[in-house]
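Chemist: Dropping the structure in here first, questions after.
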Amino acid sequence: MTPSTLASLVALSLAAQSPGDGGAARYRAWCASCHGADGRGVPARTTRLAVPPADLTACRASSAEPEDHWVGIVTRGGAAFGLSLDMPAFGEAGTPEQIRALVRYVRSLCRESGWPPGELNFPRPFLVEKAYPEDEVVITDRGRGQELIYERRLGKRLQLEASARSAFDGKPGTFAGVTGAVKYNLWYSLERGALASLGVEATPPLGRQDRWEVEPFLTFGAYPRRALLVQGEIAGTWEEAEGISAFSYRVGVGREIGRVVPMLEVGWTVPRDGERTLSFYPQLWMQLSRLGHVAASLGAELPAVGPEPRHPRLIAFVLWDYADAPLLRGW
Ligand code: HEC
């Protein structure tokens, strides 16, 4: 092999690896008739679609899911994920590399930087507050207490949250209280597979809550090379008329196995006065909808150390990522 053929081979293979390679041309040939020449989802006038295609240039949508998710949709078609049959499968038309290059090209149509990528949107644990900013509705049941949580993402990194709690444990007053929270993603790195966020929760004296409580927290998640998922949180509790009353340390580990993620969390609370508590939370997170926008988790709280009596409780939640798709689509 002469040096020049070697050089051109190297150049060729580099070109094949660069995300822009062929992506733009293939997009024009395969996708533009429905998704529009610029990806904004305005189909050619000759194309009739039952469902309007999404705006592929919208950073919020293209960053919120991992790359593999769109690779899957383009390879296997919309129907395989409960989406419209109008979104064809291209798995026969192109090689996996070509499809990945094409998806990278489409995702590069989001021209703004600073959107935390969906690869870092890890499964929701029971205890640790997720670090990724979400658009989600969650219904949780812990023993005889229920909680409804609404999370709304604002822009790239900010998330607002509101929740309401009820308790059906035979004591007077089933309305247990409300909490508001803000969370801001401080840092993320796709290479390291990690992110960290800062937030604060505030609970006013309503329902069973008799005084203001404020909880600042720092939370992180890491899933380097998809080997071991680790999520953790440090939170302080400030109570009206008492000041700082406790610190909590929470950490969970898990690993994705297909559509389920077994996790084990441990929570340690150190109050200023009174006994420390330690509890374990084995749990199984599962993706319910084919699209992945509806998920559930089932597990328990197992008290290990602390004042008696504390009994084991079942915990479960169902969540819906409402920015991804309407509740009844994607099954
Ligand atoms: C025949 C029309 C058509 C063609 C051609 C087409 N799409 Fe689509 N695509 C759609 C429709 C319609 C949807 C919306 C599906 C739904 O929401 O049910 C869609 C959805 C998608 C989605 C999911 C968006 C989301 O928000 O989850 C992606 C990604 C996508 N298309 C990429 C592509 C790419 C890349 C190509 C070219 C390889 C392509 N499409 C070609 C019609 C088409």
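The values are calculated or read from the model by the stated rules, or taken from the named source; none is laboratory data. None of the values given here were measured: they were computed from a predicted structure. Note that each Cβ is placed from the backbone with ideal geometry, even for glycine, and that neighbours are counted across all protein chains shown.
Chemist: Can you name the condition, by its number, that Gly292 falls short on among (1) modelled with pLDDT of 95 or more; (2) within 13 Å of the chain's Cα centre (by Cα)?
Modeler: Status for Gly292: all satisfied but (1).
Chemist: Can you name the number of the only condition in (1) surrounded by fewer than 18 Cβ atoms within 10 Å (Cβ to Cβ); (2) within 8 Å of the ligand (Cβ to nearest atom); (3) of a type in the set (Val, Ile, Thr) that Val74 fails?
Modeler: Going through the list (1) surrounded by fewer than 18 Cβ atoms within 10 Å (Cβ to Cβ); (2) within 8 Å of the ligand (Cβ to nearest atom); (3) of a type in the set (Val, Ile, Thr), Val74 breaks only (1).
Chemist: Would you confirm, using the coordinates I've provided, whether Phe317 is of a type in the set (A, V, I, L, M, F, W, C), surrounded by 14 or more Cβ atoms within 10 Å (Cβ to Cβ) and touching a residue at least 60 places away in the same chain (Cβ under 8 Å)?
Modeler: On the way: of a type in the set (A, V, I, L, M, F, W, C): yes; surrounded by 14 or more Cβ atoms within 10 Å (Cβ to Cβ): yes; touching a residue at least 60 places away in the same chain (Cβ under 8 Å): yes.
Criteria met by Phe317.
Chemist: Kindly provide the set of residues from segment 296-331 that are within 16 Å of the ligand (Cβ to nearest atom) and closer than 22 Å to Arg142 by Cα, ordered by number. Can you show your working first?
Modeler: To start, the set of residues in segment 296-331 that are within 16 Å of the ligand (Cβ to nearest atom) comprises 320-331.
Of everything in segment 296-331, those that are within 16 Å of the ligand (Cβ to nearest atom) and closer than 22 Å to Arg142 by Cα turn out to be Trp320, Asp321.
Chemist: Go through segment 157-202 and report how many residues are among the charged types (D, E, K, R) and over 20 Å from Glu65 (Cα atoms).
Modeler: In the first step, residues of segment 157-202 are kept if they are among the charged types (D, E, K, R); the result is 157, 161, 165, 169, 171, 183, 191-192, 201.
Imposing the further condition that a residue be over 20 Å from Glu65 (Cα atoms) reduces the set to 161, 165, 169, 171, 201.
Of the residues in that region, 5 qualify.
Chemist: Hey, Glu134 hits all of (1) more than 18 Å from the chain's Cα centre (by Cα); (2) part of a loop (DSSP other than H, G, I, E, B); (3) among the acidic types (Asp, Glu); (4) closer than 23 Å to Gly292 by Cβ but one; which does it fall short on?
Modeler: Status for Glu134: all satisfied but (1).
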